[in-house]
Structure formats: structure tokens, C-alpha cells
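> Input: one structure, supplied below.
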Amino acid sequence: MSDIEYRYLSRVNTPADLRSMSLAELKSYAEELRRYIVECCAANPGHLGSSLGTVELTIALHYVYATPEDRIVWDVGHQAYAHKIITERRDAFTTNRTYGGISGFPRLGESKYDSFGAGHSSVSISAAFGIAKALEMQGANHHVVAVIGDGALTGGLAFEGLNNAGASPTTDLLVVLNDNEMSIDKPSGALDRYLVRMSTSRWYNSLKTGLWKGLGLIPPLHRLVRKTGNAIKQGLLQNSNLFESLNFRYFGVVDGHNIEELIRTLTALKDIGGPKLLHIKTKKGKGYSPAEQDPATWHAPGRFDVATGERIKSEYKADRYQDVFGTTLLDLARNDERIVGITPAMPSGCSMNILMRQMPTRCFDVGIAEGHAVTFSAGLAVAGARPFCNIYSSFMQRAYDNVIHDVALQNLPVVLCLDRAGIVGEDGATHHGAFDLAYLSCVPNIVVAAPRNEWMLRQMMYTASQANHPTAIRYPRGIGEGVEWRDTPFTTLEEGRGEQLRDGSDIAIIGVGPMVNVALRAAEQTTRSVAVYDIRYAKPLDTTLIEDIASRFSKIVTIEDGILRGGVGEAIAAHLGRTASTTTVTTLGIDDRFVEHGKPAELYAECGYDSKALLKVLESI
């Protein structure tokens, strides 16, 4: 941290402190708050751009509403850093996303000001409506606000919430649509174009603003302004307002960086009951030039120099799994015109932007809509395409029914690529891909593959492209093992067939995915004679190999980067139990718990399946 004096920042410990400040002081506080977020994120990386864009909004919300009695529900949580700092966590913010520190997302157990836990998108409206309805039933006179970004509004759950809340005219709910024309990447789809049309209609917005300011803050006249505005919108946009059609009173578009206008508007809206939506325009990365100029990169830029904006990049000795995926997908698409790519708003995160740049007509960003992404892929497959649908492991949970009903039940050749499988690090419990091995291995027709390195990922993708059934390939976030993979010839692997990588006589380790490499390193360090096997496919299991291992060894240790309950280790133990084998199986992985945030190495150690923990097991059994 720098030695900059924060004159106003130090005065605010709770939202109540904001309410004693003048408008001029609030503006100065906003500048210092933004600078503090930049300084903290430069040294301790996090989600920078979104939170810079909501500084004024956050101040205005806590100024107008009596939090925590009034509730603010943040969607995703990427935009909630200012909220954390204002709500008694200013000093703790330096520990944001670190092991033992505060979470990078709102957490119910972390603060009384966090009204609902967030991490996945599009949940805020449904959650806020539930809170508002419960308060209404209790007769409590508290306000509830949901803050949702325009990218998150592409998720189906957001519309389910709007539809349900719009049918409850007595429930006091305000939805703030933070429209910055960005998700993580540039948004796509009809909704984005609709919001652009609404927000760029200069004639309508200038007239509405003039009416609003001219008539003052008297509620009956506000209703007149709203009705007048809706009539103008319908004529100007040549269709009815989407939100008004869902029985939400629509207000907007308001400058989301104008504190005075935000406070005036939010104060007026407090006196208007029922479901209502405030449409504000903000700029992602506001106030920090590098983030404003490149909002996609500065969504989560890693460490950087505040003065120069130069990002401090780590020196990698290997390629990232994400780039192996993206490059291989392009290679496959060049050889097979049936291959297409599908991503739910993560083209740069999963490196599908590599295909998108070269073959834009064969790559589809469907918005933050995981269920649609899977079923859309199923439709493509029915008509003869070979879709590679890339969804982060944790987010694939949201499409589970689509995987079962639309892909597996119909046995369609969809390739589900599960990026960020296993422990992902500082994003924590909402983002760890801990459950995919368990939730996919129980589904009929799906082959579940887990590559141990970059070359294996490339070959498993090729093998899946040639198959006539669904395949799920799960691989971790970050760098690989440094093996050669670029331009290597494609080889068809035998599905459901593992391999021995190291021989031994005392103990056998069966590894899953990159944990095989942990096993190899541990085997070289232990005093025991240890054989190492790569199971390669979690489903179908290589039962022939497993039985052969059990016939040679009295002790087997399995290691996987996933939940143990329902995982590969339990499946191996269950199979050997059915064969009446006397070989004992020790399983290493994640116990029946949610894992918090921290660096992956810290979390592997905590969960007991890093190389040190494995060595201890090998020496003790």
C-alpha cells in the first residue's frame, strides 16, 4: 500500500457515517474509495473493473437506505468491493480473497450487511424477491434492493425472478439494472441491443430528465412522469417496454456516476411501492484509465503497477490448460467442418476466443445462460454438428438437468468441456469445481475424461470429436506440466482404458487427472516401492486394470481433485468390494465440506491431498 492520506475514507466505518457527510464530501469520498480499491487490487488481485464502476451507486444506496435493516442483494459479487469497504471491512479488505481473509464475494456469515451470498450470476432478483416477500408477510417495513448487471440479466433465472415478482404488486422491491455494456467480455444477444436502444435515445432521455427535474419529488407527479415516459418509449422504440410488460415500473436511464442524481432518484423511489426497476448507465473500470480502456482485461487483471498500469505477469514454464483447449479446438475445427464452439459468456476465460477470432461463424457466445448453452449444443448435434460446449465446472451445475435430459438421455455427441475443474483458488467455495466427477459419473451414456497434462487434453478432445456419444472432459485452471503438445499428431485414445506410469511392489497409487503428477512426485520421494497408474477415464472405469492392480497389491491409494463422496476413489473401492477383494483402498480428495478461498497449494494442503500429505499416507500404511 502507498502512503497516500485517505482523509475521507478513514471517516467511514459504517453506512451510517456516510449519512452525516455533505454531497461534496461524498464526491471526495468516492474518489478516495475508488483509489483504495485500485491500490488494494494492485497488490492483492481481485475483480477490479466491475467494482470501480459501482462506487457511486454503492455510496448512494447506503446513503439512502437504512442498511442493514434495509437489504441490498448483489448479483455475482464482482461489483461489491465498495460495499464491503463501506460495511465495516475497510481494513480487512487488504485480505480480500487470501487464505483466512475475507471472501471476494458477499457472504451471509461474513457480515450482517451481506443480505445474500453471491458468486454465480443472475440470482439477485429471485433472492431479493424472496426476502421482500418474507418481510411483507411479517409486516416489516423494510426496503429490498437487487443490483444486477446487464450481463447477468441474460441468465434465465433473472427473468424467472422478474416474472414472479412482477405478479406481486404489493411487494416492495427495487431492481437496479447496472448497464455498463459489459459482462466479463463484451455481451452479445438481443437483450444487449435492446438496452442500447433504450439508453441511447437522446430525445426521450432529455425530455424525461427535464420533466423529472421540473416537477420535483412529489410522488403523484412522479407517476405522471412515469406514464408520460412510457408513452414516449412505446412510440420511440416501436414496442412496449420489456420491464413494464412484466409489471415493473421502469425508471431510467440515470447516470450511475452522478451521486446527486442517484441519491435524488433513489430517495424518490423509496416512496413508490411495488416492483420497480431503475436503469442506470455506468462505465466498467471507471476512474482508472487502463481499466476504462480495456474493461475485459481489467475485469480481473492480476497484480499491476498502479502508476503505470503495467500488469505484473508471472513467468510460466508451461502453457495454460485453457490455451491448450482453445488452440486444439481451432485445429480440430480446421480439420472437421462439423465442429463448433459454444460458451456462456466466457470466450476469453476459456480461450474459445481463439476459435472466435479465426472462425466467428462457428463459435457462439450465448450469454450467461448455461442451461441454454447445453440444450443449444444438443440441438446442434441433432442436426449433424459436433459441438464443444465449454462451461466452468462450477457453472455446469446450473445446467445439470439439460445435461441429463437433453444430451445424455438422447445420447448425443456433445463434448462438454469443464474448465476450472477441482480447486480453483482465490474465488473460493462458489467457484471450486469440486463436484463434477461425482455428478457426471452417475449419468448414463456419458464418458468422463480427466487428462493429466496438456498432450492428454489435446488427445481426449480429438477422441471425443470422433465419438458418437456425449463426452465430458474436465481439466483444471492454470498451467500444465510443460509437456510438448503443440502441433502433435492427433491420436484416438481407448475410452475407459487407464495406464501404468511407474512400477513398484509395495503400494499402488491410482491418480485422476493432474493428481497423477502429484502421485509421481510423491512416489519418487518415498522410501516405499510405489507403482503409479493414471485411470484417465473416470467413466467408464478400467475395471480390468483395477482388478489387476488389486491382484498385485494389498494397498491402493487413490487421489483426485474433487469431492470424495461419489468420486473415483469410492467407485474403485465399490468395484473391488463387489469382487470380494481384500485389498484396502485409501481415498484422498475433498471431504464432505465446502472449501473456502486461498491459493491452490494452501487448499490442497488443507484438504490433505498435496504431495506432503500423500507422502505421509504412503509412509504410514
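Where a number appears in this text, it was derived from the coordinates with a stated rule and is not lab data. Here the structure is a predicted model, which is why all the values come from computation and not from measurement. In this analysis, Cβ positions are derived from the backbone assuming ideal geometry, glycine residues included, and neighbour counts consider all displayed protein chains.
> When only alpha-carbon atoms count, how far does the range 321-474 stretch along each of its three principal axes, as whole angstroms with the largest first?
In descending order, the Cα extents are 38, 32, 29 Å.
> Hey, what D do you get for the range 238-322 in µm²/s if you plug the Kirkwood alpha-carbon radius into Stokes-Einstein at 10 °C and 1.306 mPa s?
95 µm²/s
> Would you compute, for the Cα atoms of the range 486-548, the largest minus smallest coordinate along each principal axis and list the three values in descending order, in whole Å?
Result, largest extent first: 38, 31, 15 Å.
> Another question about this same structure. Can you tally the net charge around THR527? Count Lys and Arg as +1, Asp and Glu as -1, for every other residue whose Cβ sits under 12 Å from the Cβ of THR527.
Net charge in that neighbourhood comes out at -2.
> Restricting to bridges with both residues inside the chain, how much of the DSSP beta-bridge set is antiparallel, in percent to the nearest 5?
Expressed as a percentage, antiparallel bridges in the chain total about 10.
> How large is the convex hull of the Cα atoms of the chain per residue, expressed in Å³ as a whole number?
Hull volume over Cα atoms, normalised by residue count, gives 166 Å³.
> On a 0 to 90 degree scale, rounded to 10, what angle separates helix 568-578 from the longest Cα axis of the chain?
In the chain, helix 568-578 runs at an angle near 40 degrees to the longest axis.
> Here is a follow-up. Ranked from highest to lowest mean number of other Cβ atoms within 10 Å per residue, what is the order of the peptides 458-467, 93-102, 141-150, 53-62?
Highest mean packing first, the order is 53-62, 141-150, 458-467, 93-102.
> Next question, about the same structure. Would you list TRP485, TRP298, TRP74 from fewest to most Cβ contacts within 10 Å?
The most exposed by this proxy come first: TRP485, TRP298, TRP74.
> Moving on to the next point. For the range 499-620, what mean projected area does the convex hull of the alpha carbons give, in nm²?
7.0 nm²
> Across the range 514-527, in residue order, what do the Karplus-derived ³J(HN,Hα) couplings come to in whole Hz, using 6.51 cos²θ - 1.76 cosθ + 1.60 with θ = phi - 60° and x for Gly and Pro?
x, 5, 4, 5, 4, 5, 4, 5, 5, 4, 6, 9, 6, 7
> Whole Å is fine, so just give me how far the alpha carbon centre of the range 398-470 lies from that of the range 3-78.
With the range 398-470 and the range 3-78 each reduced to a Cα centre, they are spaced 40 Å.
> A further question on this structure: So what's the range 22-126 giving for Cα Rg divided by 2.2 N^0.38 Å, two decimals?
Against the compact-globule rule of thumb, the ratio is 1.01.
> ³J(HN,Hα) across the range 380-387 via Karplus (A = 6.51, B = -1.76, C = 1.60, θ = phi - 60°), whole Hz, x for Gly/Pro?
4, 5, 4, 8, x, 7, 10, x
> Note the angle between two axes, namely the Cα long axis of helix 321-335 and the longest principal axis of the Cα atoms of the chain, as a number of degrees from 0 to 90, rounded to the nearest 10.
It is inclined by approximately 80 degrees.
> State to the nearest 20 debye the size of the charge dipole of the range 499-620 about its Cα centre, where the only charges are +1 on K and R beta carbons and -1 on D and E beta carbons.
Charge dipole of the range 499-620: 140 debye, to the nearest 20.
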